[in-house]
1. Considering each of Glu194, Glu167 in turn, give the residue that is out of contact with any Leu (no Cβ under 6 Å at 6 or more places or on another chain) and assigned by TED's automatic domain parsing to the domain that holds Gln68.
2. Let me spell it out: the conditions are (1) touching a residue at least 40 places away in the same chain (Cβ under 8 Å); (2) of a type in the set (S, T, N, Q); (3) in contact with a Leu (Cβ under 7 Å, 6 or more places away or on another chain), and Gln114 meets all of them except one. Which number is the exception?
3. Can you report the number of residues in segment 46-69 which are touching a residue at least 60 places away in the same chain (Cβ under 8 Å) and either of a type outside the set (Ser, Thr, Tyr) or part of a helix (DSSP H, G or I) (or both)?
4. Since Gln121 meets every condition but one in (1) in a loop (DSSP other than H, G, I, E, B); (2) free of Cβ contacts under 8 Å to residues at least 60 places away in the same chain, which condition does it not meet?
5. Against the definition (surrounded by 17 or more Cβ atoms within 10 Å (Cβ to Cβ) and either in contact (Cβ under 8 Å) with a residue 60 or more places away in the chain or more than 17 Å from the chain's Cα centre (by Cα) (or both)), how does Thr150 come out, yes or no?
6. Can you tell me how many residues in segment 75-101 are touching a residue at least 60 places away in the same chain (Cβ under 8 Å) and touching a strand residue (DSSP E or B) at 6+ places or on another chain (Cβ under 9 Å)?
7. Is it the case, given these coordinates, that Glu100 is out of contact with any Ser or Thr (no Cβ under 6 Å at 6 or more places or on another chain), part of a helix (DSSP H, G or I) and of a type in the set (Asp, Glu)?
8. With respect to the numbered conditions (1) part of a loop (DSSP other than H, G, I, E, B); (2) at pLDDT 95 or above; (3) under 17 Å from Arg183 (Cβ atoms), which one is the sole condition not fulfilled by Gly170?
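The values are calculated or read from the model by the stated rules, or taken from the named source; none is laboratory data. Nothing here was measured: the structure is a model prediction, and the numbers come from that model. Heads up, the Cβs are rebuilt from the backbone with ideal geometry, glycines too, and the neighbour counts pull from every protein chain shown.
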Amino acid sequence: MISAPSMRGWVAVILTLAVLSGCRSASSGVAYYTLDALTAQTTPMPSAAAPAIGIGAVMLPDYLDRPQLVMRTTPNALRIDEFHRWAGPLSETLPRVLAENLMVLTGSVRIARQPWDVGFQPEILVSLQIYRFEGFSDGLVRLVTAVTLTDRRAGGESRTWTVDLQEKAGGSDYSDLVAAQSRLWAALSRQIAEAVLLVRQPG
């Protein structure tokens, strides 16, 4: 016959195992996502003459600066999903993927993200203020951002413009949402690359 103290001990062990099991089940149910960079299929020949490009501040609104993916269900309501998360901070992923995309699109071998090494002196500085970068319940994905391109060379100027891009996710899964966000980020990268190449032109 099991004594009362022993019974309480066994109950405590069983409850502890149940809690640990529940934690494992919850964590194993989390899916992680990241943005894709452009492939090198259309990469220009690397050019030492291409400008040194610095990726400066990429600022996010508070509601996007979080591990969870965000879905806008109505104009004034958001769904933040605990079980669908970014594999790394979005504030770090966005400038990294932008840098990779610009390497492909401009052929520049001198691209660095802030904070860069003391020896790196960017000639062109790119900074972004993100206003929206989320999906909607109807499958639409939207990116709204202000881009500032600064030519740091002698006589250079600074230019700021606003980009509002939309893309259909093509499916209802979060993987479809993130794939569409990757395409939007690539489209933004192309606009920035075109602006960088125009700055390079003498004139």
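1. On inspection, the qualifying residue turns out to be Glu194.
2. Among (1) touching a residue at least 40 places away in the same chain (Cβ under 8 Å); (2) of a type in the set (S, T, N, Q); (3) in contact with a Leu (Cβ under 7 Å, 6 or more places away or on another chain), Gln114 violates only (3).
3. 16
4. Going through the list (1) in a loop (DSSP other than H, G, I, E, B); (2) free of Cβ contacts under 8 Å to residues at least 60 places away in the same chain, Gln121 breaks only (2).
5. Here the answer is yes, as Thr150 does meet what is asked.
6. Selection size over segment 75-101: 5.
7. For Glu100, the condition - out of contact with any Ser or Thr (no Cβ under 6 Å at 6 or more places or on another chain), part of a helix (DSSP H, G or I) and of a type in the set (Asp, Glu) - is met.
8. Failed condition: (2).
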